1. Sort 338-344, 391-397 by packing, meaning the average of other beta carbons within 10 Å per residue, with the highest value first.
2. Starting from 0.36 nm per residue, how many nanometres of slack lie between residue 43 and residue 612 once their C-alpha separation is accounted for?
3. Please identify the trypsin sites (Lys or Arg not before Pro) of the stretch 124-191 that satisfy two criteria: DSSP loop assignment and at most 14 other Cβ atoms within 10 Å. Which are they?
4. Quote the relative contact order of the chain in percent (integer), defining contacts as alpha-carbon pairs under 8 Å separated by 6+ residues.
5. With the crude spin-label approximation of a point 7 Å out along Cα→Cβ, what separation in nm comes out for residue 402 versus residue 285?
6. For the residue pair residue 431 and residue 449, what label-to-label distance in nm results when each label sits 7 Å from Cα along the Cα-to-beta-carbon direction?
7. Would you tally the net charge around residue 383, using a Cβ to Cβ cut-off of less than 12 Å, leaving residue 383 out, and scoring K and R as +1, D and E as -1?
8. In degrees between 0 and 90, to the nearest 10, how far off the longest principal axis of the chain does helix 310-331 point, with axes built from Cα atoms?
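Since every read-out is calculated from the coordinates, none of them should be taken as a lab result. Note that the structure is a prediction, hence the values are computed from the model and not measured. Every residue, glycine as well, gets a Cβ built from its backbone with ideal geometry; the counts of neighbours run over all protein chains shown.
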Amino acid sequence: MKSTTLLHHPVIIFCGLSILVWLAYANSLEAVFHFDDYFFLINNPTASDLSAILDRLFWPFSSGRALPLLTFYVNQQLHGQQVWGYHFFNILLHAINAFLVFRLVLFMQQRIYRDDIPKVLFLCRRETIVALLTASLFACHPLLTASVTYIIQRSGQLATTFYLLATLSYLQLTVYSYRQRKFWLWLGLALLCYWAAFKCKEMALTWILIPCLYELATRLHTPHRLLHFFRWVWLPLLTFVAVISLYLLNATHLFQNHGVIGFEGLWSPWVQFQSMCRALVRYQLLLLLPFPQWMNVDHGFLPSPEELDHWAVLALILHGMLGLLAFYLAKKRCVMAAMGIGWFYITFTPYGLIPEKDLLVEYKAYLPSIGMMLILAEGLIFVSSRPSVRQLAFALVLVGIVVCVVGVRERNKVYQTTLSLWKDAVSKNSDNVRALHNLGHAYSEINNYPAAIVYLQKALQVEHDYLLCRLNLARIYIYLARTAHNAWYDLDQGMKLVSPDSPQAARITEQIEQQLLLREKWYEEGFQEYDLLFQQAKLLKSSESLEIKKDAHREVAEAHAEQMNYQEAYYHYEEALEVFIGDPRIKQRSAMVSFQMGVAAFEQKDFKTALHWLQQSNARWPNQPDVLYYLGLVLLLQGNLDAARENFVRVLELQPTHPGSKALLEEL
């Protein structure tokens, strides 16, 4: 009986894979937070609330991605929002997954080809090399960078960890008879890992189909064993349907208008199916040939038309041929390749019919890529039995691994900043409206407003009705108008400190005129953009467009209030309140404008109008001393002494030192 060598020891293998992962990802430690990192991690109160996370974790059929949130909570407790800690955890997790891929390939060789290899405690050196090369390629595949370097995609990594553990547990239980105690222990562990994978990401619900795939692939070449498979396969399939049904019953928060999950107003399931047929071909191409120029944070992949898409039909034919190939390979005992094809399609199943805004994003390929690794392992097994090409094949894979490490490091550079990320995206697809918008927004965040305006305008040229882009462009114009206003004010104050006849006064006067012209120009540009936004938003009823409309009305109102255009400001606050009734912040700001209009009418001695606006203000923002004081003044001048007295008394209750109310109350 042979024993393992030091180089075959699991700890040595794990350390070697970890070193390889570190070489590939060491330069990602300072990559900044991106996209959903802010929504689900930085600005998410649940991420720092341990009790809320545990509630999600132990609620049976509600995912909520509680396990990733728990790891983020640990990160926050250890190092706050220092980004390197989050990246370090993701890198470590990727190394663990690479080791689990190694174990999966090694164990499947032991189980599937056990009659073809020596009866030894450990596999011979050749089979270990096959597993190690496969795991190494997984560890440094450039397409998986999006899942490792993009911090929030830890959910996909963790789901993959438990998905692989569940698969390994199932493979282990097949060694034992159901009458043995270890069979039930491994079955319990497999189901526990299945539940944990679901608590990381919902797509892990598909795992229950993996045992069916394995049993089918290993029995196709033996008809008598295949008959036994059909006798029990109904049980996991029924379990799969039951689990999916229970999850959907507890996921009503995902269902919004028109029965669409996640986003309103998207395309139909038929369009989604056609689109994903095409997208899966692109994923396969990127896994086979991960050229840097083909990879992009936003591929801008367009959906198929509602009618029959000929490219989708061709893609569907290709997928059907791959399915037949998997069947043929299983018949020929190439089980790992057959299972790899099935693994790829099973893990992509959730994306097939559920309409989603992003049809092609690289991080979705993390778990399905293991299917491609199983196909590679089968190929390496095939060539390893042929001494004439074995060394050449292994050498080519090693060269590929080195090239992939370089590719991963280059992709990590792209993720270093928001600006570099979207520069890369626009350089590869200059007509991608979202990439153009996000690049413009990235420039605005570093105060490069001329560049920001250029790219936001380019985005609007591609898609005229892009509301968020128009909102951000209008915000920049209003910000520039405010900057010009502040510069004008500073110059005006400085003018008082110099002699009116001096050369310096002439220069300041010229600068004042320039800033006044700039202020008027930017206000005009900004209000034009807001007007176009309101015209386009009338036709849209999604929650996203309503939120943009509310923000736009609020911002226009504030800009008008700064210019003392109170009537316009009040109108836009009212419009914002119509979109989101009862928003306390907008109600308060509307009350402030009402108060300012009331004061302006009072100073013009239009007491009837002043009373109207002051009462409006008091109704929306009660118990404000200044509002009650002016309301008392108007009532006093109108001869309503009792009501005036009540207001002054209330003012003094709220602010005992209020001088005007105290004096007037004494006179009354």
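1. Values: 338-344: 25.7, 391-397: 13.6.
Going by the mean number of other Cβ atoms within 10 Å, highest first, we get 338-344, 391-397.
2. Working: separation 569, 0.36 × 569 = 204.84 nm, distance 4.05 nm.
This chain segment gains 200.8 nm when fully extended.
3. Details: sites: 125, 126, 154, 179, 181, 182; in loops: 179.
Hits after loop and neighbour filter: 179.
4. Values: 880 pairs, mean separation 73.1, N = 668.
Contact order relative to length: 11 percent.
5. Distance between the two pseudo-spin positions: 2.9 nm.
6. 3.3 nm
7. On the way: positive: 126, 386, 390; negative: 378.
Combined, the nearby Lys, Arg, Asp and Glu give +2.
8. In the chain, helix 310-331 runs at an angle near 30 degrees to the longest axis.
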